[in-house]
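Colleague: Dropping a structure here in structure tokens format, bear with me for questions.
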Amino acid sequence: MTLDDPLIGALLDGRYRVDQRIAVGGMATVYRGTDTRLDRVVALKVMHPSLASDTDFTGRFIREAKAVARLSHPNVVNVFDQGADGRAVFLAMEYVPGRTLRDVLRDRGALSARAALDILEPVLAALGAAHRAGLVHRDVKPENVLITDNGMVKVADFGLVRLLTGTDGAGDGITSTTSTGTVLGTVSYLAPEQIHQGAPTDQRVDVYAAGILLYEMLTGAKPHTGENAMQVIYRHLNEDVPAPSLTAPGISRELDAIVAAATARDPESRPWDAVELLATLQRVRRTLTPAQLDAEPPASTRPTPQFPTAEVTAVVDRPVERTSVLEVPAELLTPPSRQGDETLTLRPQQTGRGARPRRSRKPLIWAAVVAVVLILVGGATYTLSNGLYTTVPSVLGQSEAQAIATLDKSGLRGTFTQQFSESVQAGQVISTDPGVGARARKSDPVKVVLSKGPDRVAVPNVVGEPADRAQQDLRNARLTPMANRTASSDTVPEGSVISVEPGVGTSLSPSSPVTLVVSTGMTPVPDVVGLSKEDATKALTDSGFTVQSTGLNLFGGKVTGQTPKAGSPQPQGTLVVISFGLF
């Protein structure tokens, strides 16, 4: 860790305390911090000063952060806040304890097909939600896939690359800095159209990167490598991604076809977006046998200890992406980056533009292979005419009436059920079966689940009940009774409930803790007349009373009177006045 980082210990925007540096990237440094207002741990992504001083970038950054913050999905790292403190322009995000997919691949190398799909499916679900919301990630890679301690998969850095578009995402979508002809990305995962100057880019660049991600998980290595970034760029432009089974022979032909389709150099040959790729992947997965899913990768795909190579960048806890400018020969049209996971800014030389490489016909061949695979997977019914089948449209987040209308346009009808949801507003669609993008028979209803809103339980009125019965009533109400507290009462019998915390009628989540305040009843006041002040005070306080003395207490005199009188029942905490005088 760098000890002289000036931001460590700083309080950003009067709210976020910077506690510890986590990683350094090409655009920002990430810190673990504390939201002092809500007392919760957050991740703080602070833009480098060179970018933060660019007013155009800052404006785009703020607008894009707002768009990403509206993207609510369980597999997306949440954006809580955006702010600026001096030259520190920052995002406050969900802190995700765990590891990156890059950490997993370095430790384990290739994964089984089941493990790879278990990771890729939530990644595609997150990307699909972004694509349907009009957002493109543009920097999908293992470093941006987080796996929590309990196995949850989350995608980080949504929208950050899109912030650098010269058109704020409204034009051709080319990811560039303010310098004409520059491209921001990670070389190993760049789609060819991200490299060609002037080529439009859309959500299919994320599909391409997801295909590379699947290849890397299945084989333990990147498909395109080289001694420098230029060689990797050249291979992206001129070579198809090889079949994973060439490296890991146990991989099924169906997964080979998925990788080929997702990484087709011609974007028109790829699935339209992550939703379509996810639907295809899930159909293929259902055809794979347990033996195919759980087959161990060959030993050759496992990592072996080695000295660091040029692709490793030493940073805080783990290697992170660096951004740099690279001059590229005109014949490549755009520049590459280092073989590793370096995020590079690529700029062509000003000597002119080379001829665009001939588009390979191999993507079309792979597309044909995928079509054959899908015919085998889906069976003969999949090839029936569109008069019988259609694609399930997205109705997520719609009301029941809106969902009915959307399904009707596709020739489908829905059957609606309800369930509680902590994240989806009441009355809106949570999910469908078949899922969005899936192929469905028009004659079969689509099962649509509507949100009933969050599940809440009212604290029942157990005041006056015996403690045992009150605890059972709380359990019956799906609440959790906590250890009782006691207090005296002149109205509630001993052992019965005086009050509950939180109060009666409070709306709580199921299993929330509730504390019972149980009466100890009335306590007789001890007789302290004739005792010394010290002894009298101890006897009264031990019984739960408070004490006040009056009169002259000369020469260690004795108590001559008390109020209330001895033996009278009183609630604990009652003030007892003791008086002193001459006998």
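The values are calculated or read from the model by the stated rules, or taken from the named source; none is laboratory data. Remember, predicted model here, so these are calculated numbers, not experimental data. So basically every Cβ, Gly included, is an ideal-geometry build from the backbone, and we count neighbours across all protein chains shown.
Colleague: Can you name the residue in the stretch 478-504 that is surrounded by fewer than 18 Cβ atoms within 10 Å (Cβ to Cβ) and among the hydrophobic types (A, V, I, L, M, F, W, C) and is also farthest from Gly411 (Cα to Cα) among such residues?
Modeller: Here the answer is Ala487.
Colleague: Could you tell me whether Val500 is assigned to a strand (DSSP E or B) and either more than 30 Å from Ser399 (Cβ to Cβ) or in the same structural domain as Glu121 (by TED's automatic domain parsing) (or both)?
Modeller: Yes; evaluated as a whole, the condition is true for this residue.
Colleague: Follow-up question, since we're still on this one. Give just the number: which of (1) touching a Gly at 6+ places or on another chain (Cβ under 7 Å); (2) outside any helix (DSSP H, G or I) does Val259 not satisfy?
Modeller: Here Val259 meets the rest and fails (2).
Colleague: Which one of Val500, Val528, Val514 is closer than 30 Å to Val462 by Cβ and touching a helix residue (DSSP H, G or I) at 6+ places or on another chain (Cβ under 7 Å)? It would help to see each step written out before you state the result.
Modeller: On the way: Val500 fails: touching a helix residue (DSSP H, G or I) at 6+ places or on another chain (Cβ under 7 Å); Val528 fails: closer than 30 Å to Val462 by Cβ.
The conditions single out Val514.
Colleague: Quick test of your reading of the structure: Arg475 fulfils all but one of (1) at pLDDT 90 or above; (2) surrounded by 16 or more Cβ atoms within 10 Å (Cβ to Cβ). Name the failing condition by number.
Modeller: For Arg475, the exception is condition (2).
Colleague: Still on this structure, please answer the following. Among (1) in contact with a Gly (Cβ under 8 Å, 6 or more places away or on another chain); (2) surrounded by 21 or more Cβ atoms within 10 Å (Cβ to Cβ), there is one condition Tyr208 misses while meeting the rest; what is its number?
Modeller: Result: Tyr208 fails condition (1) only.
Colleague: Related question: Across the stretch 106-130, what is the total count of residues that are surrounded by 18 or more Cβ atoms within 10 Å (Cβ to Cβ) and farther than 13 Å from Val155 by Cα?
Modeller: So the answer is 7.
Colleague: Within the stretch 27-42, identify whether any single residue is outside any strand (DSSP E or B) and either in contact with a Pro (Cβ under 9 Å, 6 or more places away or on another chain) or surrounded by 17 or more Cβ atoms within 10 Å (Cβ to Cβ) (or both), and answer yes or no.
Modeller: Looking through the stretch 27-42, at least one residue is outside any strand (DSSP E or B) and either in contact with a Pro (Cβ under 9 Å, 6 or more places away or on another chain) or surrounded by 17 or more Cβ atoms within 10 Å (Cβ to Cβ) (or both).
Colleague: I'm told Ile62 meets every condition in (1) buried (at least 17 other Cβ atoms within 10 Å of the Cβ); (2) among the β-branched types (Val, Ile, Thr); (3) in a helix (DSSP H, G or I) except one. Can you identify the failing condition by its number?
Modeller: (1)
Colleague: Continuing with the same structure: Being modelled with pLDDT of 80 or more and not assigned by TED's automatic domain parsing to the domain that holds Gly151, is that true of even one residue in the stretch 49-56?
Modeller: Yes, the conditions are met somewhere in the stretch 49-56.
Colleague: Can Pro74 be described as surrounded by fewer than 16 Cβ atoms within 10 Å (Cβ to Cβ), of a type outside the set (Ser, Thr, Tyr) and touching a helix residue (DSSP H, G or I) at 6+ places or on another chain (Cβ under 9 Å)?
Modeller: For Pro74, the condition - surrounded by fewer than 16 Cβ atoms within 10 Å (Cβ to Cβ), of a type outside the set (Ser, Thr, Tyr) and touching a helix residue (DSSP H, G or I) at 6+ places or on another chain (Cβ under 9 Å) - is met.
Condition check ((1) buried (at least 18 other Cβ atoms within 10 Å of the Cβ); (2) under 11 Å from Val207 (Cα atoms); (3) in the same structural domain as Gly437 (by TED's automatic domain parsing); (4) under 31 Å from the mean Cα position of the chain (by Cα)) across all residues:
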| site | (1), (2), (3), (4) |
| --- | --- |
| Leu237 | yes, no, no, no |
| Pro244 | yes, no, no, yes |
| Glu254 | yes, no, no, yes |
| Thr263 | yes, yes, no, yes |
| Val275 | yes, yes, no, yes |
| Gln282 | no, no, no, yes |
| Leu293 | no, no, no, yes |
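Colleague: Any residue at all in the stretch 463-472 that is touching a Lys or Arg at 6+ places or on another chain (Cβ under 6 Å) and either on the phi > 0 side of the Ramachandran plot or not assigned by TED's automatic domain parsing to the domain that holds Ile404 (or both)? Before you say what the answer is, go through the steps one by one.
Modeller: Pass one, the stretch 463-472, residues touching a Lys or Arg at 6+ places or on another chain (Cβ under 6 Å): none.
Looking through the stretch 463-472, none of the residues is touching a Lys or Arg at 6+ places or on another chain (Cβ under 6 Å) and either on the phi > 0 side of the Ramachandran plot or not assigned by TED's automatic domain parsing to the domain that holds Ile404 (or both).
Colleague: Something else now. Checking the condition outside the structural domain of Val424 (by TED's automatic domain parsing), within 30 Å of Ser431 (Cβ to Cβ) and surrounded by 16 or more Cβ atoms within 10 Å (Cβ to Cβ), which residue from Val79, Val18 passes?
Modeller: The match here is Val79.
Colleague: Right, here's the next one. Go through the residues of the stretch 455-467 one by one and say whether even a single one is over 30 Å from Val424 (Cβ atoms) and among the basic types (Lys, Arg).
Modeller: Looking through the stretch 455-467, none of the residues is over 30 Å from Val424 (Cβ atoms) and among the basic types (Lys, Arg).
Colleague: Any chance the stretch 419-434 includes a residue that's of a type outside the set (D, E, K, R), surrounded by fewer than 18 Cβ atoms within 10 Å (Cβ to Cβ) and in a strand (DSSP E or B)?
Modeller: There is at least one residue in the stretch 419-434 that is of a type outside the set (D, E, K, R), surrounded by fewer than 18 Cβ atoms within 10 Å (Cβ to Cβ) and in a strand (DSSP E or B).
Colleague: Just a yes or no: is a residue in the stretch 487-496 at pLDDT below 90, of a type in the set (A, V, I, L, M) and more than 30 Å from Phe420 (Cα to Cα)?
Modeller: Yes, that holds for at least one residue.
Colleague: Continuing with the same structure: Collect the residues in the stretch 555-577 that are surrounded by fewer than 16 Cβ atoms within 10 Å (Cβ to Cβ) and either outside any loop (DSSP other than H, G, I, E, B) or free of Cβ contacts under 8 Å to residues at least 12 places away in the same chain (or both), keeping them in residue-number order.
Modeller: So in the stretch 555-577, the residues surrounded by fewer than 16 Cβ atoms within 10 Å (Cβ to Cβ) come out as 555-557, 560-561, 563-569, 573, 575, 577.
Phe555, Thr560, Gly561, Thr563, Pro569, Leu575, Val577 - these are the residues of the stretch 555-577 that are surrounded by fewer than 16 Cβ atoms within 10 Å (Cβ to Cβ) and either outside any loop (DSSP other than H, G, I, E, B) or free of Cβ contacts under 8 Å to residues at least 12 places away in the same chain (or both).
Colleague: State yes or no: is Ala403 assigned to a helix (DSSP H, G or I), among the aliphatic types (A, V, I, L, M) and over 30 Å from Asp490 (Cα atoms)? If you could, list the steps in order and put the result at the bottom.
Modeller: Details: assigned to a helix (DSSP H, G or I): yes; among the aliphatic types (A, V, I, L, M): yes; over 30 Å from Asp490 (Cα atoms): yes.
Yes; evaluated as a whole, the condition is true for this residue.
Colleague: Only one of Gly151, Gly98, Gly134, Gly185 is of a type in the set (Gly, Ala, Ser), within 23 Å of the chain's Cα centre (by Cα) and either surrounded by 23 or more Cβ atoms within 10 Å (Cβ to Cβ) or at pLDDT 90 or above (or both); which?
Modeller: Gly185
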